[in-house]
Amino acid sequence: MVSTYSMEKAPQREEAKQTYLEWMKDLKNRGGLGKVRTFLFGRQGAERPLEDKEDLDEDKDDIHYIDVKLSHMKHPPPTLPPQPEGLSLEQIGRRHVVQAIVDSERNYMMSLQRLVQAYEKPLLESEPPLLEKEKVKTIFYRVRGIYQCHLMFQIALASRIKEWDNIEQIGDVFVASFSKAMVLEVYSAYVNNFTHAMETVKKTASQKPAFREFIESRQQSSSDRLSLYGLMLKPVQRFPQFICLLQDLLKRTHQGHPDRMPLQLALTKLETLASVLNERKKQSEQRHAVKQLIKNLNVKFSSKMSSERNRWLIRQDDMLQTDQAYDGQGEELKCKERRLFMLNDLLVCTTVLNNGQPSSPGSMDMPRFKHRWSVPLTEVEVINPTIEGTDIEMSSEPGKLKITTQHMDEHEYLYGGSTRQLYQERNDLLHDLAVVKQLGALLGTLKGTYGVLTRDDIDEWSEIINKLITKKGQEIKQADVSKIQISLPSVQMEQRVTLVFDAVSAKIKLDWITALETAKLGMKPHNNPGWYAPDEGDTTHAEMNFGVPLIMKALPVFPTRQQAKFQCSVLCPLEQPGHRSRRKGMLQNEGARNCLWVCNSDQKTCHVSLVGFMPPSPQLLETFETTEGRVMCMECVPGWNGPGPMGGYLNRRESERKSDYCFTRHTVWMGTETGRVLIYRINQSDKCEPLATFKASHPISAIQYLNNRVFMSLSNGSVLIYVRTHEGEWKVKEPRVSQLGEGAATCLLPVRNDMWCGCENKVHLIDTESEFKQVSFSAHDPHMVIDKMVVAGVGVWVSFAECDSIRLFHTETMELLQDISVGSPIGRMVASVTPRAQSSLHMTTPVHVTTLLACYGSLWVGTNTGILVNFPLPRLEGVPLVNGPAMVSYHTHKGPVRMLIAMELNRTNDRVLFSSREEDEESDASRSLSDLSTPSSRLKSGSQTADLVNNAMSPMTDYLNLTFNSERSNPSTTTNADHSTTTTTTTTNGISTTVTRCHESKEDADGVRPGRLGSTSEVEVSANVTSTTSMVISGGEGHDYLMRLGENVSKEAKLLMWQVSN
């Protein structure tokens, strides 16, 4: 039985004749949050005018929400009917998960009621007051609003569960209940206030013994002994719990089930909500952290870039600053512990004074710091030490040999002592190599032959020393893999100083450098502003560059060929996975392992350029000319790595020698307008002639590789399928032909095990196993022609030739989910710029889409006007519905956007554990704050703790550390006679969510025991949140920045490179 709290003047309402789900669906078409509140709660729930600013002194719950008394006769709690006979295993499994959802929601509602009935109301009504009314409102801020949201959800859930065996659908209930703006508003306010609420509780409990006794007595009198902190953490845990449960239900729902797509939509909505809440919390905490830091240091930073109001914390890291003091073995004798705070415009170096030791058990006092120095980020430069040899000069006179060694600069010797010793050893080898070469030169002057030392001996000697030099250089890289050299301005303005810091790991070093470069990039003038965004939505999101692409560079690809135009491109790995040169510890930027092949053509010739991404910036590597006509498409095809016994590599090499179409390395296949296929090896030194060629029947429009098959779409409406044999040979003379239509087959897209093919206005699906066409559907009217397709999650976005709209189709049902026009946001952007900028856009022809790209939570759209549009998508795998306003770039091409391609640069994983267990929280707090406060102690602790400490921290992170235990975080299952602990881990693209539950008996065969899943007393929820830094590259003619015209007048082909952090 579910009890509710009430207010004396709450108006009584009649029961609606519609079902709750129908009621919520009707609200979907009503605009504005104020209308929704008024409709749901009457005039008392309507939003106040803007001049009535809300703060914590007001009772916001009284403003926005009213309590509703429910009759248990009319609205009984959700109860699953008895299980009928004859159910399939899937139906039984789904019933168990649904029962777990019901039990979990019932326990959650009881926890919220306890917060109100057992804590908030007694504190407000106590005489004399145990706590000031303002503090009570601060602690329990928006708890009642959350309860009301879930009370409505419970009504809809009960209605659906009552008819479960007839309907077997629940996904639409989640979508209808959690798609409202009020849910995001109330949860966002609660999560942002959570840190402040817990600080208030801890501070007040230490100052007022009566309040401490009150919360302890409430905890002891409860059946589960759950503390106030554990209850307050429940709303923070709620969405990860829902996600886990719905993912379990989706696994037990086959394709074609009426509940499958609603479940996918529900998961997408919940994951988006969780992502937005996490992002808003992060923004709030990053600004709060700067205020705390300034207060702690008692220093007023001087910077022309930002005021204190516009600063936020990007990350903080504990590092060791190394000095030039060494012992006899070359090891460091002295190093200093430092904590580096990276703000959006400053780098601040401090010393931890008290090592974060709490003043009393359970206290959360911030460690005290001593300010060392602070430097604007624009003045910070990362030094990449070279591993080139020292310069050696040799001069000879009759009877005399002189060798002069030029040592490297001082900053290249600033690394640790063992590394310095490696540098010296390498320099000695270089010296010896010069001497051996001089000996070879002198040997050639001998008049006679003595057979003691020959020219071959000298060459062998030189080769041995060269190998030792190469090996020593690799050892230097590995030894320095976690050290960071930075150059800073000194007190004398004309000089600079170099400091060396040792990070916890090589990954932390890479993350730190990436964050620094991203922050510096965001401060550059051409990124302020870089994109047009409408005023609606959260302006803080754009101010702090969360997910906003930052332009890095405009790279001319064919500077000597002004008339060259982009045709196609493909991204290729420089090395095969597992190649021996990828040594352990040689951590580097992921982009450096790729090479971009770009093809351009004019009326006479066709050229291919290779662009590399090795630090410090992308650059053109080489250009070569093709000899078989204009290239229309390219694809990277993996090399053959078939199974084989010992010596399998030699067998593959032998097969490659026997056949012209067996390739053990990655190759690039190019299709031409003459129907010719050109094959080049990626590491082919001489590209004047292709490695192999063969002829197709018609001009080739697209090439795609999938499951050891190469698909080619032709201008006659057919698709050729080339298969690789077990020996690794491509059967180029025996392709399977699949005829799609009479018009040209324009594009191909691999989606799981199917190849989607666009032909005229239809999409055809070819199964890779049977190699036959399985399904076809119309994507638009008959006169439209499909041009481009991209996949995101369980959806495919499709664009059409000479059309400004794009459409989203579900990959399983082929149902049309969304239709969006790109012309509208472009029109708004054009209207916002100056007339001079408008005249430079060449808007004489209607806007239409030329290329698409879906990656990392964004849908990029290139147009014929050179303008780029960016639509937000869910960041996780799900239904990729556009969920916000579009951004339009102020950086444009002077002609159509011909290519869009993306690659990952860096990836960061943060594991966060939310635990409501009662296992001595105070001792956990002491351990997490005192034992993990120095770099050395953090290295001894688990890597999961190091991940939390070395990323941007805030008071919220400190509370997470209260219950962090590396042993609990490992997925495991332990069972004895009376108890079992089950850890369920579900992973999507970007977030891995783990729920640990304690049971009193063994689970059933389906892994879900009704009545136990989601227990209130002992639940842990951990999330592995992945942040990525990626690069998006657009290709077209020229480059314009609409905010500063006249800087780029050239129309040569250029690549615009963008950095995106998510």
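The values are calculated or read from the model by the stated rules, or taken from the named source; none is laboratory data. Everything quoted here is computed from the prediction, not taken from an experiment. Using ideal geometry, Cβ is built from the backbone for each residue, glycine included, and neighbour counts are taken over all protein chains shown.
Within the stretch 765-805, the residues that satisfy the criterion of being of a type in the set (S, T, N, Q) and within 16 Å of residue 852 (Cα to Cα) are 799, 805.
Looking at the stretch 465-483, is at least one residue closer than 25 Å to residue 337 by Cα, in a loop (DSSP other than H, G, I, E, B) and without any contact (Cβ under 8 Å) to a residue 60 or more places away in the chain? Yes, the stretch 465-483 contains a residue that is closer than 25 Å to residue 337 by Cα, in a loop (DSSP other than H, G, I, E, B) and without any contact (Cβ under 8 Å) to a residue 60 or more places away in the chain. Scanning the stretch 663-677 for residues that are under 29 Å from residue 752 (Cβ atoms) and buried (at least 20 other Cβ atoms within 10 Å of the Cβ) gives 663, 667, 668, 669, 670, 671, 677.
The selection criterion, being at pLDDT below 90 and touching a Pro at 6+ places or on another chain (Cβ under 8 Å), holds for residue 199.
Name the single residue that is farthest from residue 516 (Cα to Cα) among those in the stretch 869-918 being charged (D, E, K, R) and at pLDDT below 80.
By that ranking, first place goes to 918.
When 91, 113 are screened for being surrounded by 14 or more Cβ atoms within 10 Å (Cβ to Cβ), under 39 Å from the mean Cα position of the chain (by Cα), at pLDDT 55 or above and over 22 Å from residue 146 (Cβ atoms), only 91 passes. Only one entry in 738, 713 is part of a strand (DSSP E or B), polar (S, T, N, Q), over 34 Å from the mean Cα position of the chain (by Cα) and buried (at least 19 other Cβ atoms within 10 Å of the Cβ), namely 738. Of everything in the stretch 607-622 that is of a type in the set (Gly, Ala, Ser) and assigned to a strand (DSSP E or B), the residue that is farthest from the chain's Cα centre (by Cα) is 609.
Could you go through the stretch 227-241 and let me know if any residue there is over 24 Å from residue 142 (Cβ atoms) and either assigned to a helix (DSSP H, G or I) or not acidic (Asp, Glu) (or both). No: zero hits.
Against the criterion of being among the hydroxyl-bearing types (Ser, Thr, Tyr) and either under 17 Å from the mean Cα position of the chain (by Cα) or assigned to a loop (DSSP other than H, G, I, E, B) (or both), residue 865 qualifies. Based on this model, can you work out whether residue 760 counts as out of contact with any strand residue (DSSP E or B) (no Cβ under 6 Å at 6 or more places or on another chain) and modelled with pLDDT of 90 or more? In short, yes.
Across the stretch 590-606, the number of residues qualifying as in contact (Cβ under 8 Å) with a residue 12 or more places away in the chain and over 35 Å from the mean Cα position of the chain (by Cα) comes to 5. Restricting the stretch 631-647 to residues that are surrounded by fewer than 20 Cβ atoms within 10 Å (Cβ to Cβ) and either more than 11 Å from residue 666 (Cβ to Cβ) or among the aliphatic types (A, V, I, L, M) (or both) leaves a set whose member that is modelled with the highest pLDDT is 642. Within the stretch 530-571, being modelled with pLDDT of 70 or more and on the phi > 0 side of the Ramachandran plot holds for one residue alone: 547.
For (1) part of a loop (DSSP other than H, G, I, E, B); (2) in contact (Cβ under 8 Å) with a residue 12 or more places away in the chain; (3) charged (D, E, K, R), each residue gets a yes or a no:
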| site | (1), (2), (3) |
| --- | --- |
| 128 | yes, no, no |
| 131 | yes, yes, no |
| 134 | no, yes, yes |
| 146 | no, yes, no |
| 156 | no, yes, no |
| 160 | no, yes, yes |
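Report whether or not residue 813 is in a loop (DSSP other than H, G, I, E, B), among the β-branched types (Val, Ile, Thr) and within 21 Å of residue 1040 (Cβ to Cβ). Criteria not met by residue 813.
Scanning the stretch 233-251 for residues being buried (at least 19 other Cβ atoms within 10 Å of the Cβ) and of a type in the set (Lys, Arg) gives a total of 2. Screening the candidates 416, 444, 448 for the property of being among the small types (Gly, Ala, Ser), buried (at least 19 other Cβ atoms within 10 Å of the Cβ) and either touching a Pro at 6+ places or on another chain (Cβ under 9 Å) or modelled with pLDDT under 85 (or both) yields one hit, 416.
Here is a yes/no grid of residues against (1) of a type in the set (A, V, I, L, M, F, W, C); (2) crowded, with 18+ Cβ neighbours inside 10 Å:
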position	(1), (2)
135	no, yes
139	yes, yes
143	yes, yes
160	no, yes
166	no, no
190	no, yes
220	no, no
229	no, yes
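Would you check which residues across the stretch 360-379 are modelled with pLDDT under 90 and of a type in the set (Gly, Ala, Ser) and list them? Hits for the stretch 360-379 are 360, 362, 363. Looking for something surrounded by fewer than 16 Cβ atoms within 10 Å (Cβ to Cβ) and outside any helix (DSSP H, G or I) - is there at least one such residue anywhere in the stretch 501-509? Scanning the stretch 501-509, I find no residue that is surrounded by fewer than 16 Cβ atoms within 10 Å (Cβ to Cβ) and outside any helix (DSSP H, G or I), so the answer is no. Screening the stretch 692-710 for residues that are in a loop (DSSP other than H, G, I, E, B) and either within 38 Å of the chain's Cα centre (by Cα) or surrounded by fewer than 16 Cβ atoms within 10 Å (Cβ to Cβ) (or both) and picking the one that is modelled with the lowest pLDDT gives 697.
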